[in-house]
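Let me begin by presenting the structure, written as structure tokens, before commenting on it.
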Amino acid sequence: MTHDVGFSKIPRMSCNGNKSAGVDLSKRSFLQVISSSLVAKLVPGALHASPAAKGNRPDRRLIVVVPGGVRRQETFSETGKKNIPHLYQNLLPSSVFYANVRNDGVTSHFNSISSIVTGNWQRVDDWGMQPPTTPTLFEYARKQLGLDPGEVWLISSNKVVTEQIGVSSATAYGPSYRANVVFPKQLLVAAVEEAIGKGRQQNMADRSKVQEEIEAVLRSSNYEGLGWNIIGERQSGEMLAPVENAIQQFVRSNAPATGDQLTYFVTLEIMRKYAPSILFVNFSDIEAAHFGSYSMHVAGIRNTDRLIYELWQQTQLNDEYRGNTLMVILPEFGRDPDGSNTNGFLNHRSNDDTCRRVWIMCLGQPLSRPQVIDRPVRQVDVCPSLAVWMGCRATESAGATLAELRG
Amino acid sequence: MNQQENLPAILRKAQEDRLIERLPITFQPFLNQEISRWDTKFPYEQRYLESLIGFIDSLSPEGLADLFAGVRRLETSMGISEHQFSAQEQTMREASILSRSPHYLEWRQEIERVFQQVDHSAFAEEQARASRLRRLLLLIFPAALPVDPQSVMEQWQRGRLLRLDWSADDSPPRSIVEGILKGLPQADEQSGPGFLEEYVGRPGRSFADVWVLEPGIRLRTLLSGLQSAPPEPPRATLLSFDELKAFREGVLDHIKSMARDISDADAIYAKLRSMDVSEWCPPEVGNIPAVREFIRSLFLTGNGSPLFSNAFVEWGAVEAMAHARPTVVLAEFGLRNKPKPFTSVAVFENQEKATPQAPVPDPEGSALDAVMLAYYTWLGAARYVEYQRTACLCLFEDVPYALVAGPTEFPLWKEKEPVPPERIAAVLRSWLA
């Protein structure tokens, strides 16, 4: 049986976004930061790169993390909170937490993410072959705030998300205002497939050779077949070094060798190099559920919990982000209920609350006081609220603005 | 023989009446598909299809219009006529068009209403008869899986943990599973036939009445009486994840080659649906068209069934109950390996070949998977009225316990502990009598 967490029992703490509150660095994440710095020193140019030359650069930074589909019973419930120790114990007390959020759209990956980034329920091709039909938050921000191309990034592990997510088909916006889109996990998948296809399986057992394999795909593909779309990259090749840093950290660290871990390292590199104003991160280890392994699904939830926490800690260590960042975490949807004819946690097609009811956690400054909001809100309310927070308006969104995020 | 000639009179008449063409377009591919696969349907599915088609064909023009008025109205709202819908085969492209419509949920409810009405009018008698049958779901957690029976009971919420009277120093040594599924040792020290082997030999039994699903071949080896040699008809449906390796790999090779594009996906699925798969089939699958097509469909519907043995066992058992309504389902869960570093992201690659790294077994992860999937198997049975008198027994080989669930009339609810395996076997034999 699922029990919602009694939020009122959670001790309140000051917001982590407050510099004076300090950062609870675990030994693990501390070592990771140190190791990242060492790696960076070893790779020419890695730390020397500075955020993009500033055109109109807002004072605020926005990070949106969307970790696939998770049910209440595996997360914010009495039975599930053991799977999310960081979200539950470390982050919830200092957050604005919307406990009653609905995905009333199509509960497929591409449509759900499109709905979140546009503030309208999108009903486009599930396989990501069509762009969203109304403008994205990326386009609103770039057009209205005059942001440079390097200011807006979407980084996704999920292979169902395509570069079409970076820009809508809305005529007043479009490609001139698109986001950069990268798929780190696809790089890893392509490297594994290439090694197997060419009979170099033995390389997959040797970390240094794994690194060579991934880097070879990165350098030889020119991003072809990976679906990446980085504005101006073909001319500049600027992203090669940061991505190679991320690959090195991924291969050499003791962190789990999953797609989301690579996505996380690439995200950190992009934060260091560009410090983008808007960063949208989509994790998908959780989606191992589709293959029928509950333990891998739960391991994905735990991994995601850790990565989100470490990402938040990184914002507190990075001068470009500390004290001015809003981080918003929301699942795409839940998953189907146990006993459904769609085979429960494996899928996300049912019309039940288990699949449609999710949550949103907001961290950082400036926010209203930490609180749990029980009133119903919708995922399409996220885009207009974040647009307002960034200083622009999502003029074509059907969503409402969330008062607590007005800052 | 022409397939048309195999059809029963009711379906032939419906074809002559051009019945399907008079139905809403979103109904047509499903029914045409079912009729075209008549020869590979289980007896239960054939009875259901006959009732369904017979009922619809018996309706007056007004009755037919009434039954489908809601679906037609929604098809118009959804703009279905603007799309080229195949009348012959359900496709991912069409499913995707439907599911993206703002009216999709309403359409789904309407389809459900139509089926409820048909079931009520045409199939209620058959369902009432079938619901009176006693059935058995026997789920095995092998010794390799560290499963805590108490945690399983907490998840199921209703059940009884039964301590077994079990001593490992029996001579000759027998496992709990053998003690329950086989008869007492005979003069040659071999176990005699068990209650299931006796059950399949009773008159009127078909291969679709007893299903055995397992990761390896332990159960089929133990229960040799469930197997038959052609030309004798098969006595049971025996499915092994390991034995279906060629089939699984064949399907996965095609899926791997799929471009990220719905028309390519439909093309590959169409090819997999129609290609000759006999080379991939072990004899117990290839020799029975209904079972061969069941496996093809099982792997195409995915849910992890071509990838992990426990997902195969669960989804196979759930689908067996949906399509064949067996009387007995015997399912054993198993041990899988841990995902290998780096290569496991390429999910459809054969992990044995993807890297020379030695596989590392994952007993804890496998146990967690098995506990959840055993629960889903039980919930899968609970969806059908025909399974309301299903006794369920989970055997934990690691510890001498069993979990009893099902109707209160099942005698093991009241059995005095500890219970010897022979007593459990006797109760199950009598339950199925």
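The values are calculated or read from the model by the stated rules, or taken from the named source; none is laboratory data. Not measured: the values here are computed from a predicted model. Cβ sites come from the backbone with ideal geometry, for glycine too, and all protein chains shown count toward neighbours.
A few notes on this one:
- Across the range A:276-302, the qualifying residues are those that are in a loop (DSSP other than H, G, I, E, B), touching a residue at least 12 places away in the same chain (Cβ under 8 Å) and small (Gly, Ala, Ser), and the one among them that is farthest from the other protein chains (Cβ to nearest Cβ) is A:Ser277.
- Residue check, B:Gly316 touching a helix residue (DSSP H, G or I) at 6+ places or on another chain (Cβ under 9 Å), outside any loop (DSSP other than H, G, I, E, B) and either within 11 Å of chain A (Cβ to nearest Cβ) or buried (at least 18 other Cβ atoms within 10 Å of the Cβ) (or both): yes
- Lone qualifier among B:Arg235, B:Arg260 - being surrounded by fewer than 16 Cβ atoms within 10 Å (Cβ to Cβ) and not in a helix (DSSP H, G or I): B:Arg260
- Being within 29 Å of B:Asp261 (Cβ to Cβ), among the polar types (S, T, N, Q) and either touching a helix residue (DSSP H, G or I) at 6+ places or on another chain (Cβ under 9 Å) or surrounded by fewer than 19 Cβ atoms within 10 Å (Cβ to Cβ) (or both) is a description that does not apply to A:Gln248.
- Test: A:Asn303 is closer than 22 Å to A:Ile84 by Cα and modelled with pLDDT of 90 or more: yes
- Set B:Arg158, B:Arg220, B:Arg205: member being charged (D, E, K, R), touching a helix residue (DSSP H, G or I) at 6+ places or on another chain (Cβ under 9 Å) and in a loop (DSSP other than H, G, I, E, B): B:Arg205
- Among the candidates A:Leu154, A:Leu145, residue that is closer than 30 Å to A:Leu386 by Cα, surrounded by fewer than 21 Cβ atoms within 10 Å (Cβ to Cβ) and modelled with pLDDT of 95 or more: A:Leu145
Here's the yes/no breakdown for (1) touching a residue at least 40 places away in the same chain (Cβ under 8 Å); (2) farther than 26 Å from A:Pro175 by Cβ; (3) part of a helix (DSSP H, G or I); (4) of a type in the set (Gly, Ala, Ser):
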residue: A:Ile214; (1), (2), (3), (4): no, yes, yes, no
residue: A:Gly225; (1), (2), (3), (4): no, no, no, yes
residue: A:Glu244; (1), (2), (3), (4): yes, yes, yes, no
residue: A:Val251; (1), (2), (3), (4): yes, yes, yes, no
residue: A:Asp260; (1), (2), (3), (4): yes, yes, yes, no
residue: A:Tyr264; (1), (2), (3), (4): yes, yes, yes, no
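- Top-ranked residue of the range B:352-378 - restricted to ones that are surrounded by fewer than 18 Cβ atoms within 10 Å (Cβ to Cβ) and of a type in the set (A, V, I, L, M), ranked as nearest to the other protein chains (Cβ to nearest Cβ): B:Ala358
- Residues located in the range B:238-257, provided they are without any contact (Cβ under 8 Å) to a residue 24 or more places away in the chain, outside any loop (DSSP other than H, G, I, E, B) and within 14 Å of another protein chain (Cβ to nearest Cβ): B:Asp253
- Of A:Leu87, A:Leu62, all but one fail to be buried (at least 20 other Cβ atoms within 10 Å of the Cβ), within 19 Å of the chain's Cα centre (by Cα) and not in a strand (DSSP E or B); the exception is A:Leu87.
- Close pairs (7 angstrom Cβ cut-off, 6 or more residues apart or separate chains): within 13 Å of another protein chain (Cβ to nearest Cβ) in the range B:81-101, surrounded by fewer than 14 Cβ atoms within 10 Å (Cβ to Cβ) anywhere: B:Arg93/B:Ser263; B:Ile97/B:His83
- Residue check for B:Glu178: more than 14 Å from chain A (Cβ to nearest Cβ), surrounded by fewer than 21 Cβ atoms within 10 Å (Cβ to Cβ) and on the phi > 0 side of the Ramachandran plot: no
- In the range B:335-351, residue surrounded by the fewest Cβ atoms within 10 Å (Cβ to Cβ) [restricted to those that are at the interface with chain A (Cβ under 9 Å from one of its Cβ atoms) and under 24 Å from the mean Cα position of the chain (by Cα)]: B:Val347
- Spans of strands (runs of 3 or more DSSP E) in the range A:317-388 with at least 3 residues free of Cβ contacts under 8 Å to residues at least 40 places away in the same chain and surrounded by fewer than 20 Cβ atoms within 10 Å (Cβ to Cβ): none
- Screening the candidates A:Ser94, A:Ser115 for the property of being within 17 Å of the chain's Cα centre (by Cα) and either of a type in the set (Gly, Ala, Ser) or within 14 Å of chain B (Cβ to nearest Cβ) (or both) yields one hit, A:Ser115.
- Matching residues, the range B:210-236, being in contact (Cβ under 8 Å) with a residue 12 or more places away in the chain and farther than 24 Å from B:Gly179 by Cβ: B:Pro230, B:Pro233, B:Pro234
- Identity of the residue in the range B:297-347, of a type in the set (A, V, I, L, M) and without any contact (Cβ under 8 Å) to a residue 40 or more places away in the chain, that ends up nearest to B:Trp280 (Cα to Cα): B:Leu298
- Residues in the range B:263-307 that are part of a helix (DSSP H, G or I), within 14 Å of chain A (Cβ to nearest Cβ) and not charged (D, E, K, R): B:Ser263, B:Ala265, B:Ala267, B:Ile268, B:Tyr269, B:Leu298, B:Phe299, B:Thr301.
- Test: A:Ala179 is more than 27 Å from B:Gln351 (Cβ to Cβ), away from chain B (no Cβ under 12 Å) and either surrounded by fewer than 19 Cβ atoms within 10 Å (Cβ to Cβ) or more than 25 Å from the chain's Cα centre (by Cα) (or both): no
- Within the set B:Asp369, B:Asp398, the sole residue that is charged (D, E, K, R), more than 24 Å from the chain's Cα centre (by Cα) and farther than 30 Å from B:Ala128 by Cα turns out to be B:Asp398.
- Taken over the range B:347-393, the residue count meeting the criterion of being modelled with pLDDT of 95 or more, assigned to a loop (DSSP other than H, G, I, E, B) and closer than 18 Å to B:Ser305 by Cβ is 0.
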